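Trainee: I have a structure I would like to understand better, so I am pasting it below and will then ask my questions one at a time.
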Amino acid sequence: MKMKKFILPLIALLMVACGSSKKYAADRYEIPVSCSGIPEVYLERMGYTVSFNPKTNIPNWVAWELNTEKLIERESRNDKFVPDPDIDERLAITTDEYTHSGWDRGHMCPAGDNRWHWRAMDESFYMTNICPQNHNLNRGDWKELEEACRRWAAVESVYIVCGPILYKSPKYGHIGKKHQIRVPDAFFKVVLTGIESGRPRAIGFIYKNESGNYKRDKYVNTIDEVERITSLDFFSALPDKVEQAIEATYDLELWP
């Protein structure tokens, strides 16, 4: 079904209360629930789902499942960043907004997770899947975590949610000549696996939007801590007892 284009003055911005977004996909582990009212345009893609914020002009979060079928590399990276066709062209972010800004066009759902289909690859370059990201982080530690997720998915399906963290007092401000694009202060990523084997486990990460070359234990956090910072409820499709148990602790040794 083709999505209609959104015109901002006519958008009924979804002020999502904690628990209400389960109406989107109550049985999908990767879809988070917002616990604070945030504007969003909810968009389903072939390879991911995005909650796009038309005020900050970056996603609130991006979520997807990664499995062995999606690790089959049928397509090459195309590097064609394009405005999202489901956002009115007068309001859509273009790749030019990032030119000479000093920030990379940082994928949330990476192109490397979408080489299994040409459409999935193309949609991964929609600007609604992009955030301003430090170059060293984008090409370094963040990329290494993306690669780790693909290694984990080669063993068993993983469910991933990531997105920006915005401080009340912005450290980096905005970029863009036509639109004000908020530069994230940090990024989060949470990962769930073990559903198929009956041994679920989850882990969270927080990366400041800055240069660095650190081991993964520098960034690791419990899911509970990431939820506290983001006001998102992750993996709520799990039984409550399971969700509470796996979100309270982590064991990095289980994530080689």
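The values are calculated or read from the model by the stated rules, or taken from the named source; none is laboratory data. Here the structure is a predicted model, which is why all the values come from computation and not from measurement. Heads up, the Cβs are rebuilt from the backbone with ideal geometry, glycines too, and the neighbour counts pull from every protein chain shown. SASA here: full protein model, heavy atoms, side chains in, ligands and nucleic acids out. Shrake-Rupley method; radii C 1.70, N 1.55, O 1.52, S 1.80 Å.
Trainee: Among the residues of segment 69-80, is there at least one that is over 24 Å from residue 154 (Cα atoms) and either of a type in the set (A, V, I, L, M) or touching a residue at least 40 places away in the same chain (Cβ under 8 Å) (or both)? Break it down stepwise before answering.
Mentor: Of the residues in segment 69-80, the ones over 24 Å from residue 154 (Cα atoms) are 79-80.
Add one more test, that the residue is either of a type in the set (A, V, I, L, M) or touching a residue at least 40 places away in the same chain (Cβ under 8 Å) (or both), and what stays is 79-80.
Yes, some residue in segment 69-80 is over 24 Å from residue 154 (Cα atoms) and either of a type in the set (A, V, I, L, M) or touching a residue at least 40 places away in the same chain (Cβ under 8 Å) (or both).
Trainee: Just one of the numbered conditions (1) out of contact with any strand residue (DSSP E or B) (no Cβ under 9 Å at 6 or more places or on another chain); (2) in contact (Cβ under 8 Å) with a residue 60 or more places away in the chain; (3) farther than 23 Å from residue 226 by Cβ is not true of residue 198; which one?
Mentor: So the condition that residue 198 fails would be (2).
Trainee: Now for a separate question. Report every pair of residues separated by at least 6 positions or lying on different chains whose Cβ atoms are under 8 Å apart, first residue within segment 39-60 and more than 16 Å from residue 29 (Cα to Cα), second surrounded by fewer than 22 Cβ atoms within 10 Å (Cβ to Cβ) and basic (Lys, Arg).
Mentor: 39/55; 46/119; 56/182; 57/182; 58/182
Trainee: Looking at (1) over 24 Å from residue 151 (Cα atoms); (2) in a helix (DSSP H, G or I), can you tell me which one residue 236 breaks?
Mentor: Against the list (1) over 24 Å from residue 151 (Cα atoms); (2) in a helix (DSSP H, G or I), residue 236 comes up short only on (2).
Trainee: For segment 179-205, how many residues are among the hydroxyl-bearing types (Ser, Thr, Tyr), part of a strand (DSSP E or B) and either modelled with pLDDT under 95 or surrounded by fewer than 22 Cβ atoms within 10 Å (Cβ to Cβ) (or both)? Give the steps one after another, and end with the answer.
Mentor: Filtering segment 179-205 for residues among the hydroxyl-bearing types (Ser, Thr, Tyr) gives 193, 197.
Going one step further and asking which of them are part of a strand (DSSP E or B), we end up with 193.
Among the residues that remain, those that are also either modelled with pLDDT under 95 or surrounded by fewer than 22 Cβ atoms within 10 Å (Cβ to Cβ) (or both) are: none.
Matching residues across segment 179-205 total 0.
Trainee: Okay, moving on. Hey, among the residues in segment 72-89 that are within 19 Å of residue 49 (Cβ to Cβ) and of a type in the set (A, V, I, L, M), which one's modelled with the lowest pLDDT?
Mentor: Filtering first and then ranking leaves 87.
Trainee: Please determine whether any residue of segment 240-251 is part of a strand (DSSP E or B), touching a residue at least 40 places away in the same chain (Cβ under 8 Å) and touching a strand residue (DSSP E or B) at 6+ places or on another chain (Cβ under 7 Å). Steps first, please.
Mentor: As a first pass, look at segment 240-251 and keep what is part of a strand (DSSP E or B): none.
No - not one qualifying residue is present in segment 240-251.
Trainee: Inside segment 124-136, can you point out the residues that are crowded, with 22+ Cβ neighbours inside 10 Å and either without any contact (Cβ under 8 Å) to a residue 24 or more places away in the chain or over 18 Å from residue 176 (Cβ atoms) (or both)? Steps first, answer last, please.
Mentor: Let us first name the residues in segment 124-136 that are crowded, with 22+ Cβ neighbours inside 10 Å, namely 124, 126-134.
Scanning segment 124-136 gives a single hit, 124.
Trainee: For the condition at pLDDT 95 or above and not β-branched (Val, Ile, Thr), what is the one hit in 25, 12, 92, 17?
Mentor: 92
Trainee: Grab the helices (runs of 4 or more DSSP H) fully contained in segment 111-155, keeping just those with 1 or more residues being modelled with pLDDT of 95 or more and among the acidic types (Asp, Glu). Working first, answer last.
Mentor: On the way: elements: 118-124, 135-139, 141-153.
In segment 111-155, 118-124, 141-153 are the helices (runs of 4 or more DSSP H) which contain 1 or more residues that are modelled with pLDDT of 95 or more and among the acidic types (Asp, Glu).
Trainee: Now a separate question. Could you look through segment 37-64, keep only residues that are β-branched (Val, Ile, Thr) and assigned to a strand (DSSP E or B), and pick out the one that is farthest from residue 180 (Cα to Cα)?
Mentor: Start the filter on segment 37-64 by keeping residues that are β-branched (Val, Ile, Thr), which leaves 38, 41, 49-50, 56, 58, 62.
Filter once more, so that each one left must be assigned to a strand (DSSP E or B): 41, 49-50, 58, 62.
On the way: 41: 17, 49: 23, 50: 19, 58: 10, 62: 20 Å.
Taking the candidates together, the pick is 49.
The rows are residues; the columns are (1) crowded, with 24+ Cβ neighbours inside 10 Å; (2) touching a residue at least 40 places away in the same chain (Cβ under 8 Å); (3) over 23 Å from residue 194 (Cβ atoms).
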site: 122; (1), (2), (3): no, yes, yes
site: 138; (1), (2), (3): no, no, yes
site: 143; (1), (2), (3): no, no, yes
site: 148; (1), (2), (3): no, yes, no
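Trainee: Related question: Given the conditions (1) modelled with pLDDT of 95 or more; (2) in a loop (DSSP other than H, G, I, E, B), report the number of the one that residue 256 does not fulfil.
Mentor: Result: residue 256 passes all but (1).
Trainee: Mind listing just one residue for me: the one in segment 61-90 that is aliphatic (A, V, I, L, M) and closer than 16 Å to residue 129 by Cβ and, of those, surrounded by the fewest Cβ atoms within 10 Å (Cβ to Cβ)?
Mentor: Of the residues in segment 61-90, the ones aliphatic (A, V, I, L, M) are 62-63, 66, 71-72, 82, 87.
Those left that are additionally closer than 16 Å to residue 129 by Cβ: 62-63, 66, 82, 87.
Numbers: 62: 29, 63: 24, 66: 28, 82: 15, 87: 24.
The qualifying residue surrounded by the fewest Cβ atoms within 10 Å (Cβ to Cβ) is 82.
Trainee: Scan segment 206-244 for residues that are among the small types (Gly, Ala, Ser) and open to solvent by 60 Å² or more (accessible area, probe 1.4 Å) and report the count.
Mentor: So the first thing to find is which residues in segment 206-244 are among the small types (Gly, Ala, Ser), and the list is 211-212, 231, 236-237.
With open to solvent by 60 Å² or more (accessible area, probe 1.4 Å) added as a condition, the list becomes 211.
Summing the residues that are among the small types (Gly, Ala, Ser) and open to solvent by 60 Å² or more (accessible area, probe 1.4 Å) in segment 206-244 gives 1.
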